Structure formats: C-alpha cells, structure tokens
Amino acid sequence: MYKSSYDGANKKVLWQELWRHEFEAALANDPVVIIPIGSIEQHGPHCPMDVDISAPFYMAVEVAKRIEDFPVLVAPPVWSGFTHYNMGFPGTISLRLETFQNLLIDVFRSIHANGFERIVSVNGHGGNHAPCRAVSWAIAEEDIFTLSFSWWDMVEKELREWSATDEGVGHAGEWETSVQLHLRAYLIDQTRLAADDTGTQPFKGELAFAEFAERHRDTAKDTGIMGDATVADAEKGARIFALACDRLEKLLREYRALPVRHYREFGSHCT
C-alpha cells in the first residue's frame, strides 16, 4: 500500500485492483496514469485478436513496476478500436470513429476528475493513431494535460535498423509477431507464419505519403498480414520490447518533472 512518504516497493499498479485509500495515497504523491489502447482485430492466421492491446499493456505494466519513487498506475486497457478495414476477416470488432473518440474522451475526463493530472495514452493499433492524437489535442481545451503516442513511435529508428525485412511495425509481420513470441509464444501458431507484401497501397517512393481513407485495407486479402512473419523470433521481440520500456520510463520521469500546464495560461484565453 502507498504511504504518505511514498514507498514503491511491492506496490499495486493496476487501477482496477486499488482500494480507495490507495488512490488517495497515490494522489498525494504526484502520480502518472498510463492508458493502454488497442483493438480486437484479425492479425493474420498465426496471431490472436488482441495483439494491439497486449503490447502497450505489457509495456505499461513493466514500466509501472520499475518506477518506485513515484506512483505510476495502469488504467484498464481500452480494447475496442477504430478498425473497420479489418472487418473482412472473422474476429474483428470495430467502433465508429465518433464512438471510439467519445469513449476515450470520457475515460480521460473520468481519470482527470479523480484528480490525476498527468495522463499518458500508449496505443498499439495503427488505425487508432490519428484519432488518439486528435482526442489529446481536443481535451487540452478542457485543461486535461495528456501525452498520446503509439508504442512504435518510441523505437521507430530501431524498427528499421534491426529489421530483416519489414520497414516498420507492419501488421502481424516481423515485429508484431516477434513481440508476441517474446510475450506470449503460446498464442502464436508457428505452423501458419507467412509473409505478404501485396497490400493495395498504389503509391510508392516519394508519393507514399498519399493513402486512401480506408488506409488501403493495408493487409492483403488472402493472409491478413502486412509484412513478413517468417523472420520473427522471440529474441528480436525481447530486444525491441526492452528498448520501448526503457524509453517509456525515461519519458514518464521527464513528464512528471514538468509543471502541469494549464490551457488558459497562453493565447486568447488569457485572463
């Protein structure tokens, strides 16, 4: 349990497991809250549906356990995402864009209303990336101070440099499969690993910035993969996972060291 002079040893980190007095103790010690965000969607023939939830959740829990000098709480993951373009395969559950964003807004507002002023959302699903950032910008006007990013943003350079084939995180390809082999190998069907680069993005090279609104249904129709899962391995997954956790820890420490910003300190809302 948290003490008035904070002692992080043997602490709880999951929001849903805390007692009321533990929230009160955490609030007295300038806490940070992490919200893992993902989706339930097909991830090829070899991965489970919750890939995009598991990576940010495990990263958040790992870092929250590491930090003992101030409270870091991991909120219940937002499991439902904006992923209509994966509905061509069984298992996908998608929210409408406005439903997904309103859900996030209500979660942010609730956490802030409890007294938590530093909130970080770590996303694991590509289709959520822009909606999450938009929510973070929108609720700033309500004086809710948040950071919003996807886990691969923390290791973008290394994803390219350490890759055997894939240029980024992909979808059920080299990197997502590697991370899953590190975290939950028992959920990966290694007899069904495949590679597929036949996604329907028509623009290449210097024109690759242009993409259709449906994100070019970025997985091929036959496999549901974007990338090469055949070169995935647990060691590679452990390496990128560890680096992402190191950078998340560094970010949380620097974020907590900043003063909480208030929207009306600047611009036309100054009083």
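The values are calculated or read from the model by the stated rules, or taken from the named source; none is laboratory data. Just so it is clear, the model here is predicted, and its values are computed rather than measured. Here the Cβ is made from the backbone with ideal geometry for all residues, glycine too, and neighbour counts use every protein chain on show.
With respect to the conditions (1) surrounded by 16 or more Cβ atoms within 10 Å (Cβ to Cβ); (2) modelled with pLDDT under 95; (3) touching a helix residue (DSSP H, G or I) at 6+ places or on another chain (Cβ under 7 Å); (4) of a type in the set (D, E, K, R), Lys11 falls short on a single one, namely (3). Can you say whether Leu97 is buried (at least 21 other Cβ atoms within 10 Å of the Cβ), modelled with pLDDT of 95 or more, among the aliphatic types (A, V, I, L, M) and farther than 19 Å from Gly237 by Cα, as far as the supplied structure shows? Criteria not met by Leu97. Pro48: closer than 18 Å to Leu248 by Cβ and at pLDDT 95 or above, yes or no? Considered against the rule, which asks whether it is closer than 18 Å to Leu248 by Cβ and at pLDDT 95 or above, Pro48 comes out as no.
In the range 186-223, of all residues being in a helix (DSSP H, G or I) and closer than 18 Å to Thr92 by Cβ, the one that is modelled with the highest pLDDT corresponds to Leu187. Take the conditions (1) in contact with a strand residue (DSSP E or B) (Cβ under 6 Å, 6 or more places away or on another chain); (2) modelled with pLDDT under 95; (3) of a type in the set (Lys, Arg); Arg133 misses just one of them, which is (2).
Scanning the range 116-149 for residues that are within 21 Å of Arg253 (Cβ to Cβ) and in contact (Cβ under 8 Å) with a residue 60 or more places away in the chain yields Phe116, Glu117, Arg118, Ile119, Val120, Ser121, Val122, Asn123, Phe145, Leu147. Considering the conditions (1) surrounded by fewer than 21 Cβ atoms within 10 Å (Cβ to Cβ); (2) touching a strand residue (DSSP E or B) at 6+ places or on another chain (Cβ under 7 Å); (3) among the β-branched types (Val, Ile, Thr), Thr191 is excluded by exactly one of them, (2). Identify, from the list Arg239, Arg261, Arg256, the residue that is at pLDDT 95 or above and either outside any helix (DSSP H, G or I) or touching a strand residue (DSSP E or B) at 6+ places or on another chain (Cβ under 8 Å) (or both). Going through Arg239, Arg261, Arg256 in turn, the sole match is Arg256.
Residues that are small (Gly, Ala, Ser) and surrounded by 23 or more Cβ atoms within 10 Å (Cβ to Cβ) were ranked within the range 51-66; the one that is farthest from Glu174 (Cα to Cα) is Ala64.
Scanning the range 106-125 for residues that are over 16 Å from the mean Cα position of the chain (by Cα) and of a type in the set (A, V, I, L, M, F, W, C) yields Ile111, Ala113, Phe116.
Here Ser178, Ser110, Ser163, Ser136 are screened, and the one residue that is in a helix (DSSP H, G or I), farther than 19 Å from Pro36 by Cα and among the hydroxyl-bearing types (Ser, Thr, Tyr) is Ser178.
Please determine whether any residue of the range 22-35 is in contact with a strand residue (DSSP E or B) (Cβ under 7 Å, 6 or more places away or on another chain) and in a helix (DSSP H, G or I). Yes - at least one qualifying residue is present in the range 22-35.
The combined condition, being more than 26 Å from Arg239 (Cβ to Cβ), at pLDDT 95 or above, in contact with a Gly (Cβ under 9 Å, 6 or more places away or on another chain) and surrounded by 23 or more Cβ atoms within 10 Å (Cβ to Cβ), is fulfilled by Gly81.
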